[in-house]
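A short reminder: the numbers here are calculations on the coordinates, not readings from a lab. Since this is a predicted model, take the numbers as computed values, not measurements. Backbone-built Cβ (ideal geometry, glycine too); neighbour counts: all protein chains shown.
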Amino acid sequence: MSDNTNEEIHEVGENIFADLGDPDAERTYARSQMMLRIADIIKDHKLNQKQISKILDIPQSRVSELVNGKLHRFSLDTLIQILNKLDRDVEILIKPKSSHRTDGKTRVLVVTHA
């Protein structure tokens, strides 16, 4: 057994992208949450990637990128379009920021039952 006294342990926060120093961490996290929901919807439909590609009107290779979390390949706008094609409403709420923060915040809320 080796001595690991030189290892550093870092506590991970709620947003891994912020922990990694992403300057757009909140938006990246929001896109990742949308992608996870899309992957869940696809899994729930029990359809293969070829069938999903027809529903979404995108190549099967893009479906593969989607379900395998290739986040950098999908804009927020594209993810919204995909959710709409999967029969999901997407609502964007713009409101004043909380007084205790210096900047506005971006987040995704998912409603699982209508």
- Cα-based Rg and Dmax for the chain, where Dmax is the largest Cα-Cα distance (Å): 17.8, 55
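With each run of n ≥ 4 DSSP H residues scored as -39500 (n - 2.57), what mean residue ellipticity at 222 nm is computed for the chain after dividing by its residue count and rounding to the nearest 500 deg cm²/dmol?
Values: 5 runs with 51 residues, N = 114.
It comes out at -13000 deg cm²/dmol, rounded to the nearest 500.
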- Query: Given the chain, what count of lysine pairs have C-alpha atoms under 24 Å apart, with each pair 8 or more places apart or on different chains?
  - Reply: 14
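Order of 16-23, 81-88, 29-36 by packing, highest average Cβ count within 10 Å first?
Values: 16-23: 12.5, 81-88: 15.5, 29-36: 18.8.
Most protected by this proxy first, the peptides run 29-36, 81-88, 16-23.
Please give me the summed charge of the neighbours of Arg101: other residues whose Cβ is under 15 Å from its Cβ, Lys and Arg +1, Asp and Glu -1. Could the numbers behind the result be given before it?
Numbers: positive: Lys95, Lys97, Lys105, Arg107; negative: Glu14, Glu26, Asp103.
With Lys, Arg at +1 and Asp, Glu at -1, the net is +1.
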